[in-house]
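The values are calculated or read from the model by the stated rules, or taken from the named source; none is laboratory data. Worth saying up front: this structure is predicted, and the values here are computed from it rather than measured. Cβ coordinates were reconstructed from backbone atoms using ideal geometry, including for glycine residues, and neighbour counts include every protein chain displayed. For the accessible areas, the whole protein counts, side chains as well, though only heavy atoms, and no ligand, DNA or RNA atoms are used. Shrake-Rupley method; radii C 1.70, N 1.55, O 1.52, S 1.80 Å.
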Amino acid sequence: MLGFLGCVGLIFLSFSVLKCKWQIVSCSFLFFSFVGIVESFSYGWNKSFFFFSFDILGVAMSTLSLWMGALMILANWKVLLNKNNDSAFLFSLIFLILVLYVGFSVCDFLLFYIFFELSLIPTFVMILGWGHQPERLEASMYMILYTVGASLPLFSCIMYFFSNKGHLSYFMTFGMLGESFYGYVFLFVMVLAFMVKIPVFFLHLWLPKAHVEAPVAGSMILAGVLLKLGGYGLIRILDQLMFLGSVSSIFYLSFVLWGGVVTSVICLRQVDMKGLIAYSSVGHMGLFVGGVMCNNNWGWQGGLLMLLAHGLCSPAMFALANMVYESVGSRSMVLVKGAITFFPLMTFFWFLVCSSNMAAPPSLNLSAEVMLFVSVIGVSMVWGVCFGLVSFLSEGYSLYLYVSSQHGKMSSCYESFLVPKSREYLVIFCHWVPLNVLVCCLGILSDWV
């Protein structure tokens, strides 16, 4: 609750003339995230207040939103230094974090749908206003059309449930759809909206475009939190329609796991750093959907860990790609070879983040993939083979990204370059530390599902 009130106050601060308002906002986001965690451990989970509800899933996602808000401000400090409409950028960022925080904290499907759609507006403004490439308008329209087009049928289903049951609470069963043809149609329509947002293969074409055209803040919030809106909504929907999901899980597993294999192969053919990282998100989220669709405790808990792990690891990779772009002027792995010669510290951070992305211990990615693998092979060994291929190929493209960009003969791009700032290294460090320290807190998952 403190995070909600704090974000409202920070919105008014963004219009002030204080010279240190960026520092105040970033420190406030860090403070709110710490307070939220301490309050949850002190007073327990599953609390409710007005239309807010705080369980482990909601607290984890809302805290991740606040943490990413602080790191986004640090990663985009150049907007402040260049006086590039910095007040408008700060307002858009704070408003987006507020929308995400409330969206993860409400306990009603209709309210969640409203904030689910409202998050598109500040994201669209950030990509269009501070993007780098001329195709950013097309990328923004791709994102909006995909999301809105798939979520309008979801709104119809939500209204149907409300007219028949009189409530839309997460914690009260709908209990009106049997194992019939119409029940599976309802499940498909409701799941489709979140599949687009996650996204999974066949519904992912908007994501690489949006990432490539977005500023680093847009890429970080897309990978860190906005994609988690889809995962969060999918978990809430399947919790209500669990009996339908368990019967039709084979249909969904065949799409998401094979799609993960295909996107992992696509990653091995990328030369743009941002493109590779964006496609890797599709593969990792395919593992998440596969585990959740298995409908067992290990799948649900591994899915939550995968959301957290991907929400910390992928933004760190985008921040590193932005460091390379600002230092050298290119994101092409053909042109930025040999970075270890000039930027050994940046190469060290590339190694740490890429090793976490390939699920090396002690990162959260390893715990998440182990739990998801156990849940998937519990359904069928066939899906275990696909899961193993995705995991193996993720190691391959992580090594490809690291070796291609850091080793090799120096390119002519290094004839003129800018040295990365210590602030940028701090951003990566603040991603990597929780990604590897939160492994010590896995015991709290026993309180969920």
| task | Using a 10 Å cut-off on Cβ atoms, rank the peptides 343-351, 313-321 from the highest mean neighbour count down. | result | 313-321, 343-351
| request: Using 0.36 nm per residue of separation minus the Cα-Cα distance, give me the extension gain between Leu442 and Phe351 in nm, one decimal. | output: 30.3 nm
| remark: Two pseudo-spin positions, 7 Å from Cα along C-beta at Leu137 and at Asn84, lie apart in nanometres by 1.9 nm
| message | For the chain, what does the relative contact order come out to in percent, with C-alpha contacts under 8 Å and a separation of six or more? | response | 15 percent
| field | Per residue solvent-accessible surface (Å²) - the chain, probe of 1.4 Å | value | 38 Å²
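Based on the alpha-carbon gyration tensor of region 337-378 and its eigenvalue square roots a ≥ b ≥ c, which shape applies: rounded if a/c is under 1.5, prolate if not and a/b is larger than b/c, or oblate?
Note, shape of region 337-378 comes out prolate.
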| Each residue of region 53-69 in turn: what ³J(HN,Hα) in whole Hz from Karplus with 6.51, -1.76, 1.60 and θ = phi - 60°, glycine and Pro shown as x? | 9, 10, 10, 4, 5, x, 5, 4, 6, 5, 5, 4, 4, 5, 4, 5, x
| task | Pop out the carbon and sulfur fraction of the accessible area of the chain as a percent, whole number, probe 1.4 Å. | result | 72 percent
| said: Going through the cross-link list Lys197/Lys228; Lys78/Lys209; Lys78/Lys228, which pairs have a Cα-Cα distance over 19 Å in this structure? | reply: Lys78/Lys209; Lys78/Lys228
| remark: Toy charge model, Lys and Arg Cβ at +1, Asp and Glu Cβ at -1: the chain dipole around Cα centroid in debye, rounded to 20, equals 680 debye
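Could you order the peptides 291-302, 384-395 from most to least packed, using the average number of other C-beta atoms within 10 Å per residue?
291-302, 384-395
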